[in-house]
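J.: Got a structure here, written out as structure tokens. Questions coming.
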Amino acid sequence: MSTALASFAYPLGLIGAALSISWLGQTAAKSIARQPEAGSTIQTVFILGAAFIEALTLLAFVLKLIG
Amino acid sequence: MAAETVAANAGPLQRLSGEVTHLLASLDPTSIFGNSEHLVRIKSFGEWTISVNLIYFLIASVVIIWLGFMVAKRMSIVPKGRFINSAEFLIEFVRNNVASIVKHDPKKYEPFLLTAFFFVLVNNLIGLIPGTHPGTGIIGGTLALAVVVLVYFNMVGIKEKGFFKYWAGLVPHGVPAPIAPVIWIIEIVSMLIRPVSLAIRLFANIYAGHIILGIFALLTGLFAEATIQGLGAYIAASPGWAILLIAMYVLELVVAFVQAYVFSLLTAVYIDSAVGSH
């Protein structure tokens, strides 16, 4: 039972990451629509933010695979 | 392997567990051939083992040096041909989007940022050739790159600001004197976390992608084999698995480029925060 429950660890952590990155994407799209000339700066900020959040999610995935 | 001979006539789903252990054995970094019966172990020196990923790391280094010579041979005012144009596209991309993060004299740091980008990119792409184990797909490889980045941005900051001013300047302006030592310790810890997070991000992306590709290829192979053997029930599923495999491969191609971009982008951010503003 506990090993079956342990397989819920990764998807539960994934919820937070998916919500955060979608929120970030929404804000990025809205701000590019408001001010297209700042487009490339906003794109950089979006990719940077998504990379940080993705790192946490993938850390959970790899830790689950290893141990 | 009695279990395998008994299950050889069973459908693909029943043979899955045997094949998964085969796949996991092939991911063992100390073996060259993944098949556990014909295991060729790379030499271990006591506690330390050279992994097969290190060999591909070295192969990637040789490929990058060779590519560099090929690009330098064809330098001209007007680039002609697909290879030199794509190389110039990537170099311009890194120059405009990554090196421009550093506000103060970006030209000085372009060589390092370009090297970081292309090294990570070529290593990731070599990992997409079937049967290879990419150098960035093991925590040792990415940790080595991240430690180089750590040493580099500290050296750059010390050279730019002077030894004592750099370490003293870690604490931002306007912090009152009593809590400044605590803030300084927190900044040092956050600086030490940076290479760890760089390493784990790159490693997890490439390693997880490798495993996913392996599993999808496994399932595609099993279903295709069942279809060839004439078990009609699996015909419907096998093109689905093949399409999924191709989709995951495209995703891994995108991830290779994006992870190289993110690695060099974060390096530029760290250089910018180290060189800072006067």
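Bear in mind that the values in this text are calculations on the coordinates, not laboratory data. Everything numeric in this text was worked out from a predicted model, so none of it was measured. Because the Cβ atoms are built from the backbone with ideal geometry, glycine has one as well, and the counts that use them run over all protein chains shown.
J.: Quick one: check the C-alpha center-to-center distance for the stretch A:1-59 versus the stretch B:98-145, whole angstrom.
T.: The stretch A:1-59 and the stretch B:98-145 have Cα centres separated by 22 Å.
J.: Treat every Asp and Glu Cβ in the protein assembly as shown as -1 and every Lys and Arg Cβ as +1, leave all other atoms uncharged, and give the resulting dipole magnitude about the Cα centre to the nearest 20 debye.
T.: It comes to approximately 860 debye.
J.: If one takes the longest principal axis of the Cα atoms in chain B, at what angle in degrees, from 0 to 90 and to the nearest 10, does the Cα axis of helix B:52-73 lie?
T.: Rounded to the nearest ten degrees, it is 60.
J.: Okay, moving on. Which of B:Ala180, B:Leu16, B:Val262 sits closest to the plus end of the dipole of the protein assembly as shown, meaning its Cα is farthest towards the positive end, when Lys and Arg get +1 and Asp and Glu get -1 on the C-beta?
T.: B:Ala180
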